[in-house]
1. Can you pull the one-decimal nm distance between simple spin-label points at residue 67 and residue 27, each 7 Å off the Cα toward Cβ?
2. Roughly how tilted is helix 67-92, in degrees to the nearest 10 and between 0 and 90, from the longest Cα axis of the chain?
3. I'd like the orientation of helix 9-21 relative to the chain: the angle between its Cα long axis and the longest Cα principal axis, in ° from 0 to 90, rounded to 10.
4. Can you give me the three principal axis dimensions of the chain from its C-alpha atoms, in Å, biggest first?
5. Could you grab the relative contact order for the chain? Cα pairs under 8 Å, six or more apart, rounded to a whole percent.
């Protein structure tokens, strides 16, 4: 997410902590841990890496302050609007 919104990991972590603490999202429902192999000092190390679902990404996308946030919000709103319109047309038939 840091790369997506061009922000440091600490900024993304702060927003996620606030989202979970305020009860906006349930951490257990939005976070998955996957083992990922990494090379460290010439040896392979397996680490548990957090992966966040779309709800968490959208939530951070509406909170983080960056130019990419604006681009992301425009894209997300456009995409959601198009999908809703298509869904409405499909359900209407």
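1. Simple spin-label model gives 3.5 nm for this pair.
2. 50 degrees
3. The angle comes out at about 60 degrees.
4. Taking the Cα atoms of the chain, the three principal extents are 59, 30, 26 Å.
5. On the way: 72 pairs, mean separation 25.1, N = 93.
So the answer I get is 27 percent.
We did not get these values from a lab; they are worked out from the coordinates using the rules stated. Small disclaimer: the values here were computed from a predicted structure and weren't measured. Cβ: placed from backbone, ideal geometry, glycine included. Neighbour counts: every protein chain shown.
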